[in-house]
């Protein structure tokens, strides 16, 4: 038997590929199920299934409708955090979101990406995976993209549409592509609560 590049595979390699394919199919079914759950217009029901899939969700946190997950078991969300509609949360490596974090609509947080230098551009050729950590009281504006290996420190603000390619220091305001510092948050003694999320969203 050969792989897609024409390389002859040993019996062990064939078994490994078959098991790997089966595992991926099961994971894709789980991700698809969570995608469907994401359109149930009741926060409590969605949270129940998200927790069942292995996502750690703290007290009072809300994930709005239409959120997409990759490998949910590696995702951890603190207390009183709100995730906006249509967000993408990548759990292929560890994703930790802190307490009182406000993530707006259509934010994409990745912690895995293709190795663009790989000969066949295949998922098993050195995919780059690195955890993402978002600390407490961070605000992330709409349509932000956060790339693998990023840490966003306490109280930072990410402007709408920014692409975050490097760590963001505490209380810094960043924006642009790639994101650069454009200011600093004046209030740094943060102790607010985000409160209840919108119903039926």
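The values are calculated or read from the model by the stated rules, or taken from the named source; none is laboratory data. Here the structure is a predicted model, which means the values were calculated and not measured. Cβ atoms come from the backbone with ideal geometry, glycine included; neighbour counts cover every protein chain shown.
Screening residue 59 with (1) more than 14 Å from the chain's Cα centre (by Cα); (2) modelled with pLDDT of 90 or more; (3) in a helix (DSSP H, G or I) gives one miss only, at (3). Here the range 33-56 is the region considered, the condition is being within 17 Å of residue 70 (Cα to Cα) and assigned to a loop (DSSP other than H, G, I, E, B), and the residue that is farthest from the chain's Cα centre (by Cα) is 39. Among the residues examined, residue 192 does not qualify as crowded, with 19+ Cβ neighbours inside 10 Å, in contact (Cβ under 8 Å) with a residue 40 or more places away in the chain, part of a loop (DSSP other than H, G, I, E, B) and out of contact with any helix residue (DSSP H, G or I) (no Cβ under 7 Å at 6 or more places or on another chain).
Residues in the range 171-182 that are over 20 Å from the mean Cα position of the chain (by Cα) and on the phi < 0 side of the Ramachandran plot: 5 in all.
Checking the conditions here, which among 182, 173, 145 is modelled with pLDDT of 95 or more and under 30 Å from residue 47 (Cα atoms)?
145
Test residue 26 against the stated conditions and say whether it is at pLDDT below 95 and either under 26 Å from residue 165 (Cα atoms) or part of a helix (DSSP H, G or I) (or both). So residue 26 fits the description; yes.
Collect the residues in the range 149-164 that are in contact with a strand residue (DSSP E or B) (Cβ under 7 Å, 6 or more places away or on another chain) and either buried (at least 19 other Cβ atoms within 10 Å of the Cβ) or free of Cβ contacts under 8 Å to residues at least 12 places away in the same chain (or both), keeping them in residue-number order. Residues satisfying the conditions are 150, 152, 156, 157, 158, 162, 164. Filtered by the rule that a residue be in a loop (DSSP other than H, G, I, E, B) and closer than 16 Å to residue 56 by Cα, the range 72-113 gives 78, 79, 80, 81, 91, 92, 93, 94, 98, 99, 100, 101.
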